[in-house]
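Reading through the structure tokens given below for one structure.
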Amino acid sequence: AQSVTQPDIHITVSEGASLELRCNYSYGATPYLFWYVQSPGQGLQLLLKYFSGDTLVQGIKGFEAEFKRSQSSFNLRKPSVHWSDAAEYFCAVGAVVNTGFQKLVFGTGTRLLVSP
Amino acid sequence: GAVVSQHPSWVICKSGTSVKIECRSLDFQATTMFWYRQFPKQSLMLMATSNEGSKATYEQGVEKDKFLINHASLTLSTLTVTSAHPEDSSFYICSARSGGDINPYEQYFGPGTRLTVT
């Protein structure tokens with residue numbers, strides 16, 4: 001079955017420092033991969049997505065992610081973190097269930113804390 | 001574009017009553033809508049998937065008689081929590097998919113509804 005692992009529950013980064021959030025997926029075929037951000041009490045905002053083409057994907061707010069098939073990873077990066085980036089980040093993979101529906105399978109999330 | 005709204009944003013109800021949450025796609029036609037539940041500091045758990053005019057497909061372990069989903073039009077889906085109990089208190093998020101998207105997994109998320117059952 002398709003699954004997503006985000007090994008880091010919490011990460012604290014100093015403002016201005018670089019950031020990398022890890023995501024590993026399990027999927028038999030070429031995956032559709034997403035990164036979402038959620039601020040407290042809010043819905044999810046799409047940061048970026050990958051389903052084909054260039055394995056380095058650029059997203060909004062200065063984020064990027066790299067798809068590495070050999071490592072089954074889709075890590076999210078940002079060169080310089082801003083205090084406003086503090087939020088919960090979710091990695092997700094698109095999956096087809098046995099009913100034929102296409103759904104998203106989410107990781108457990110990584111909470112990013114930004115220190116001054 | 002691709003805006004999804006939810007109403008209400010938060011609701012408090014008494015145990016035993018029912019509460020309805022609306023999910024609307026404001027600028028596109030949503031052929032499929034999804035309802036998620038999120039417990040504090042946890043990930044999103046898919047509850048059900050619904051296509052316009054069809055019965056919803058519920059995930060394993062989700063009580064379909066308790067969580068009634070109606071996708072009556074291409075812009076509106078409702079989730080009714082019947083006979084709510086305190087354990088139903090949660091953050092409910094809907095998302096919608098447009099039939100015109102090339103990416104079959106593209107979903108647009110609503111802002112969520114905080115339900116508290118007292």
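Tabulated data for the structure shown
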{"item": "Lys/Arg +1, Asp/Glu -1 at C-beta; the stretch B:20-74 dipole; positive extreme among B:Phe67, B:Met33, B:Ala56", "result": "B:Phe67"}
{"item": "Dimensionless Rg over Rh [chain A; C-alpha; Kirkwood]", "result": "0.97"}
{"item": "Value of relative contact order over chain A, rounded to a whole percent, pairs C-alpha under 8 Å and six or more apart", "result": "37 percent"}
{"item": "Spatially proximal lysines relative to B:Lys55 (Cα-Cα < 16 Å; intrachain offsets below 8 disregarded)", "result": "B:Lys64, B:Lys66"}
{"item": "Kirkwood hydrodynamic radius of chain B, from inverse mean 1/r over distinct Cα pairs, in Å", "result": "14.2 Å"}
{"item": "Chains B and A, summed buried accessible surface - 1.4 Å probe, Å², nearest 100", "result": "2000 Å²"}
{"item": "Whole-Å distance, taken between Cα centres, linking the stretch B:39-118 and the stretch A:8-55", "result": "22 Å"}
{"item": "Nearby aspartates and glutamates by direct alpha-carbon distance to A:Lys68 (threshold 13 angstrom, same-chain neighbours under 8 apart not counted)", "result": "A:Asp54"}
{"item": "Amide H contacts of B:Met47 (H built 1.01 Å from N, under 5 Å, at least 5 apart or other chain)", "result": "B:Trp35, B:Tyr36, B:Arg37"}
{"item": "Cα-centred dipole magnitude for chain A, charges only on beta-carbon of K, R (+1) and D, E (-1), debye, nearest 20", "result": "240 debye"}
{"item": "Test item: A:103-116 mean partner chain Cβ contacts at 10 Å", "result": "3"}
{"item": "Rounded accessible area per residue of chain B, 1.4 Å, Å²", "result": "47 Å²"}
{"item": "From phi via Karplus (6.51, -1.76, 1.60), per-residue ³J(HN,Hα) for the stretch A:60-76 in Hz, x at Gly/Pro", "result": "7, 6, x, 8, 9, 9, 10, 8, 10, 5, 5, 9, 6, 10, 8, 7, 9"}
{"item": "DSSP-loop chymotrypsin sites (Phe, Trp or Tyr not before Pro) across the stretch A:51-116, with at most 10 other Cβ within 10 angstrom", "result": "none"}
{"item": "Percentage relative contact order, the stretch B:1-115, counting C-alpha pairs under 8 Å, at least six apart", "result": "36 percent"}
{"item": "Modelled FRET efficiency - R0 30 Å, A:Glu64 with A:Ser26, Cβ distances, 0.05 increments", "result": "0.85"}
{"item": "Size of charge dipole - the protein assembly as shown - debye, nearest 20, with Cβ of Lys, Arg +1 and Asp, Glu -1, no other charges", "result": "220 debye"}
{"item": "Charge dipole (debye, nearest 20) of chain B; +1 at Cβ of Lys and Arg, -1 at Cβ of Asp and Glu", "result": "260 debye"}
{"item": "For the protein assembly as shown, alpha-carbon Rg over 2.2 N^0.38 Å", "result": "1.02"}
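The values are calculated or read from the model by the stated rules, or taken from the named source; none is laboratory data. As the structure is a prediction and not an experimental result, all values here were calculated from the model. Glycine also receives a Cβ, built like all others from the backbone with ideal geometry; neighbour counts cover every protein chain displayed. Please note that ligands, DNA and RNA were not included when accessible areas were found on the heavy atoms of the full protein model with its side chains. Shrake-Rupley method; radii C 1.70, N 1.55, O 1.52, S 1.80 Å.
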